[in-house]
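Take a look at the structure set out below.
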Amino acid sequence: MNLCDINQIKALLARHGFHFSKSMGQNFLIEDWVPREIAKASGAGPGAGVLEVGPGIGPLTRELAGRADKVVSVELDTALLPILAETLRDCPKAEVIWGDILKTDIPALTGEKFQGLTPIACANLPYNITTPAITALIQAACFESITVMVQKEAAERILARPGTADYGAFSVYCQYHTNPEYLFEVPPDCFIPAPKVTSAVVRMVPRPAPPEVDDPAHFFRVVKAAFALRRKTLLNSLSAGLGGQREEIAQAIAACGLPPDVRGERLSIPQFAQLSRRLRGSV
């Protein structure tokens, strides 16, 4: 069965009485080059164990299972489980688990399923859980790489540089923990139903924490506050978000060599680290 052939997909879904769920952000691939290129980019190969999120009807799962030693796919929609049982019945390396990835103990799951293997994550993520899912995969701190297809807009936020409109707290978070790479785009007509936006594939390779950050909890508290009020100056955002003395915050900003009217989106990770150190003890 060709899981990217639109006629075969429709027949498969009709046979199982399946209906797309908007609330779950379901869009199935209908171009076989897409799962093939995603699997290739993921680095799946001998010795790898792949965690997949939201397998749909299984086209990416099959591609990954053809490369890696083990694939574990976490699927929330119970209506897809019998479909996956059919489409993956000849894939002994693939295992489907019902569950919500946002409520899953990912390190425990990978430790149980990928003993002796190198864990990687690869997924065509449902659009509606992009940010929390990527956050959960990064926080798990157990993957050699994380390769995901997301909305192009989300991909651009992950890789955004300081001073750009897309740069925000999520950009800082992803770039603090990983080295992200923008791989390729996937147009809407590669899916059924076709989304209204272009998708993009991003690969993130975990990296050591930036050495200039000596208190990660305080660093991210400052970052979160800096972006909470995007149209406000950094001084106003931090004063509102951190609850410290405005004068002390202004002095810290000046001590970092930043102009008094600077906005949070102008600061790089090293600049946020410097500011965090200056503010620690006062907020």
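Bear in mind these aren't lab numbers, they're just calculated from the coordinates by the rules spelled out. All values derive from a computational prediction rather than experimental measurement. Quick reminder, even Gly has a Cβ in these numbers, built from the backbone with ideal geometry, and neighbours come from all protein chains shown.
About the Cα centre, and with charges only on the beta carbon of Lys, Arg (+1) and Asp, Glu (-1), how big is the dipole of the chain? Nearest 20 debye, please.
Roughly 700 debye for the chain.
Kindly state, as a whole number, the per residue volume in cubic angstrom of the convex hull around the alpha carbon atoms of region 75-127.
So the per-residue hull volume is 102 Å³.
Counting other beta carbons within 10 Å of each Cβ, put 173, 167 in order, fewest first.
173, 167
With viscosity set to 0.890 mPa s at 25 °C, what whole-number translational diffusion coefficient in µm²/s follows for region 148-283 from Stokes-Einstein and a Kirkwood radius over Cα pairs?
Stokes-Einstein gives a translational diffusion coefficient of 154 µm²/s.
Mind checking which lysines have their Cα closer than 29 Å to the Cα of residue 232? Skip sequence neighbours fewer than 8 apart in that chain.
Output for residue 232: 152, 224.
Considering the alpha-carbon set of region 65-217 alone, what are its Rg and its Dmax in angstrom?
16.5, 51
Toward the positive end of the charge dipole of region 5-68, about the Cα centre and with charges on Cβ (Lys, Arg +1; Asp, Glu -1), which of 20, 8, 51 goes farthest?
Farthest towards the positive pole: 20.
Say a paramagnetic label sat at a point 7 Å from the Cα of residue 102, along Cα to Cβ; which residues of region 1-41 have their backbone N under 19 Å from it?
Correct set: 21-27.
For region 216-279, what are the per-bin percents of Cα-Cα distances with bins 5 Å wide, up to the bin holding the maximum?
4, 22, 36, 31, 7, 0
Equivalent ellipsoid semi-axes for region 38-94, as square roots of 5 times the alpha carbon gyration tensor eigenvalues: give them largest first, rounded to whole Å.
Working from the Cα gyration tensor, I get semi-axes of 19, 11, 9 Å.
Report, in deg cm²/dmol and to the nearest 500, the calculated mean residue ellipticity at 222 nm for the chain, where each DSSP H run with n ≥ 4 adds -39500 (n - 2.57) and the sum is divided by the residue count.
Calculated mean residue ellipticity at 222 nm is -11500 deg cm²/dmol.
Take the alpha carbon gyration tensor of region 1-95, find the square roots of its eigenvalues, order them as a ≥ b ≥ c, and report rounded if a/c is under 1.5; if not, report prolate when a/b exceeds b/c, else oblate.
Note, shape of region 1-95 comes out prolate.
Express the Stokes-Einstein translational diffusion coefficient of region 55-152 in µm² s⁻¹, to the nearest whole number, given a Kirkwood radius over alpha-carbon pairs, 20 °C and a viscosity of 1.002 mPa s.
155 µm²/s
Need the list of aspartates and glutamates near residue 113 for cross-linking: C-alpha distance under 20 angstrom, and skip anything on the same chain fewer than eight residues off.
Those aspartates and glutamates meeting the cut-off are 52, 63, 69, 75, 90, 95, 100, 105, 144.
Going down the list 40/70; 10/196; 22/103; 22/196, which pairs span over 18 Å between their C-alpha atoms?
Over 18 Å Cα-Cα: 10/196; 22/103.
Find the eigenvalues of the gyration tensor of the Cα atoms of region 115-158, then list the square roots of 5 times those eigenvalues as equivalent ellipsoid semi-axes, largest first, in whole angstrom.
Taking √(5λ) for each eigenvalue gives 21, 10, 9 Å, largest first.
Residue 136: net charge of surrounding residues, Cβ under 15 Å, Lys/Arg +1, Asp/Glu -1, itself excluded?
-2
Where the only charges are on Cβ atoms (+1 Lys, Arg; -1 Asp, Glu), what is the dipole of region 84-179 about its Cα centre, to the nearest 20 debye?
Dipole of region 84-179, to the nearest 20 debye: 160 debye.
Stokes-Einstein diffusion coefficient for the chain at 37 °C in a medium of 0.692 mPa s, Rh from the Kirkwood formula over Cα pairs: what value in µm²/s?
After rounding, the answer is 162 µm²/s.
Quick check: net charge around residue 97, other residues with Cβ under 13 Å of its Cβ, Lys/Arg +1 and Asp/Glu -1?
Charge balance in the 13 Å sphere: -4.
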